[in-house]
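Colleague: The structure under discussion is supplied below as structure tokens; questions concerning it will follow.
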Amino acid sequence: MSLKIALKNYFILFLPAITIMLFMPATSFSADIGNCLLCHKYPGISRVDEEGKLKLFYVNEDIFNNSVHAKVKCDGCHTDIKEIPHKHAIKVDCLVECHIIEPASKKKFSHKDVQTFINKSVHGVIDNKGKEKKFKEDFPTCKSCHDNPLYRPISFFKRVRPGISEQSLGRCRVCHKSEDFIYRSYNHVTTRLHPLNIAGVCAKCHNDLALVTRHGLSTKAVYSYGETFHGKAASFLDERIPNCLDCHVSKGESVHQMLTHKDPNASTSEQNKGKICTTIDCHPSASPKLAKYGVHSEFNLTQSPAQYFFTVFFIVLTGGTLLPLMVIIFLDIVRRFFPNASIGGRK
């Protein structure tokens, strides 16, 4: 067989495979360059660990390929995996150097700065005196909040229109020509959760009665937010409503830099509370006194006596009006069914 015929047959044989590789989405093979999905694509793949707990190792390829980590290679996070089949993988460290080259420094990106913010925040395990806080196992880690939920891209101003900001994408297109790259990069850096979802993330800890009691926190922080106008509107999926982060993090700061209300630099401190409600996204023409409204008012006698007595008054008024009316209606119904009935045998 001549060399020309051999090359022709070789090209015809491998043309379908080459075509598939060229036109299939990049995320389908770029992240799984080690062919990890050869095993992890099966929903039932799991093992029972030394403590008797079932560990599921299934990876949903479709969900992963549409997540913010779609471009990350498997060994980019699982750095201890060097062979296949591999031994039990160690816990992923979110602070390792990432796959992305940061344009300004030309170095690999890392989330270490995020940990610095957390250490200085109310969620850090070290207090201001450099001592380890009690019950350090209660404090959140990266995966406590970032469990890869359904993030959605937003426009930069909630009042305009929730969803993808076409104006922002237009700016991206000035330099970047790949639509796939533009959308993925945009989704990565502008994603957010709905206010109701964010409250749900915070509720993982703040609705844990034992946890909040150990730390002397309010047991009804999430519930009281849900009882306010903001919480009610969030339950109807209003995108414009402020969430926990909008109030508990100073504008322009990292969302991980949440400080206790006793800290003078905190957005919720007495001297800064007035600035929360008067931002351009909320109530720019309102008085700073608006922030004195108790967003987390629990309507008890100690925290808010005025609201407490007001609530009790209307409960008594409502009960005192409706209960006698219900008794009268009930007796009227009885009389209609038993017109000749009498008490004590009298006719």
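Colleague: For residue 267, all conditions in the list (1) over 19 Å from the mean Cα position of the chain (by Cα); (2) surrounded by fewer than 16 Cβ atoms within 10 Å (Cβ to Cβ) hold save one; what is the number of the exception?
Modeller: It fails just one condition, (2).
Colleague: For residue 263, state whether it is in a loop (DSSP other than H, G, I, E, B), within 13 Å of residue 122 (Cα to Cα) and of a type in the set (Asp, Glu). Give the steps one after another, and end with the answer.
Modeller: On the way: in a loop (DSSP other than H, G, I, E, B): yes; within 13 Å of residue 122 (Cα to Cα): yes; of a type in the set (Asp, Glu): yes.
It is true that residue 263 is in a loop (DSSP other than H, G, I, E, B), within 13 Å of residue 122 (Cα to Cα) and of a type in the set (Asp, Glu).
Colleague: Every residue in region 280-325 that is surrounded by 14 or more Cβ atoms within 10 Å (Cβ to Cβ) and among the hydroxyl-bearing types (Ser, Thr, Tyr), please.
Modeller: Passing the criteria: 297, 304, 308.
Colleague: Output the residues belonging to region 178-191 that are touching a strand residue (DSSP E or B) at 6+ places or on another chain (Cβ under 8 Å), among the polar types (S, T, N, Q) and in a helix (DSSP H, G or I). Spell out how you get there, then give the answer.
Modeller: Step one: filter region 178-191 for residues touching a strand residue (DSSP E or B) at 6+ places or on another chain (Cβ under 8 Å), giving 186-187, 190-191.
Retained after the next criterion (residues that are among the polar types (S, T, N, Q)): 187, 190-191.
Listed by number, the residues that qualify are 187, 190.
Colleague: A further question follows. Take the residues in region 172-225 that are surrounded by 13 or more Cβ atoms within 10 Å (Cβ to Cβ) and basic (Lys, Arg); name whichever of them is nearest to residue 139 (Cα to Cα).
Modeller: 204
Colleague: Also, quick follow-up: When the residues of region 192-217 are narrowed to those that are under 10 Å from the mean Cα position of the chain (by Cα) and not in a helix (DSSP H, G or I), which ends up modelled with the lowest pLDDT?
Modeller: Top of the filtered list is 192.
Colleague: For region 224-243: of the residues being in a helix (DSSP H, G or I) and without any contact (Cβ under 8 Å) to a residue 12 or more places away in the chain, which is farthest from residue 198 (Cα to Cα)?
Modeller: 229
Colleague: Then there's this: Among the residues of region 266-310 satisfying the criterion of being in a helix (DSSP H, G or I) and among the small types (Gly, Ala, Ser), which is farthest from residue 218 (Cα to Cα)?
Modeller: For region 266-310, the residue satisfying everything is 274.
Colleague: Could you please find all residues in region 244-264 being surrounded by fewer than 18 Cβ atoms within 10 Å (Cβ to Cβ), of a type in the set (Val, Ile, Thr) and closer than 24 Å to residue 196 by Cβ?
Modeller: Matches in region 244-264: 255 only.
Colleague: Residue 91 - would you say it is part of a strand (DSSP E or B) and not hydrophobic (A, V, I, L, M, F, W, C)?
Modeller: Taking the combined requirement at face value, the residue does not satisfy it.
Colleague: Further question: Of 163, 170, which residue is on the phi > 0 side of the Ramachandran plot and modelled with pLDDT under 85?
Modeller: Result: 163 is the single residue among 163, 170 that is on the phi > 0 side of the Ramachandran plot and modelled with pLDDT under 85.
Colleague: Continuing with this model, one more query. Does region 285-295 contain any residue that is at negative phi and in contact with a helix residue (DSSP H, G or I) (Cβ under 6 Å, 6 or more places away or on another chain)?
Modeller: Within region 285-295, the subset at negative phi is 285-295.
Narrowing the set further to residues that are in contact with a helix residue (DSSP H, G or I) (Cβ under 6 Å, 6 or more places away or on another chain) leaves 288, 291.
Yes, there is a match, as at least one residue in region 285-295 is at negative phi and in contact with a helix residue (DSSP H, G or I) (Cβ under 6 Å, 6 or more places away or on another chain).
Colleague: What's the number of the condition residue 175 fails, among (1) assigned to a helix (DSSP H, G or I); (2) of a type outside the set (Gly, Ala, Ser); (3) modelled with pLDDT under 90?
Modeller: So the condition that residue 175 fails would be (1).
Colleague: Only residues that are over 12 Å from residue 67 (Cα atoms) and among the basic types (Lys, Arg): list them for region 179-194, please.
Modeller: 192, the sole residue that qualifies.
Colleague: Can you tell me which residue within region 49-72, out of those that are over 16 Å from residue 91 (Cα atoms) and touching a strand residue (DSSP E or B) at 6+ places or on another chain (Cβ under 7 Å), is modelled with the lowest pLDDT?
Modeller: Checking each candidate, the answer is 68.
Colleague: Residues to consider are 68, 72, 114, 59; find the one that is within 30 Å of residue 255 (Cβ to Cβ), touching a helix residue (DSSP H, G or I) at 6+ places or on another chain (Cβ under 6 Å), of a type outside the set (S, T, N, Q) and buried (at least 16 other Cβ atoms within 10 Å of the Cβ).
Modeller: Being within 30 Å of residue 255 (Cβ to Cβ), touching a helix residue (DSSP H, G or I) at 6+ places or on another chain (Cβ under 6 Å), of a type outside the set (S, T, N, Q) and buried (at least 16 other Cβ atoms within 10 Å of the Cβ) holds for just one of 68, 72, 114, 59, which is 59.
The values are calculated or read from the model by the stated rules, or taken from the named source; none is laboratory data. Not measured: the values here are computed from a predicted model. Note that we place each Cβ from the backbone using ideal geometry, even for glycine, and neighbour counts take in every protein chain shown.
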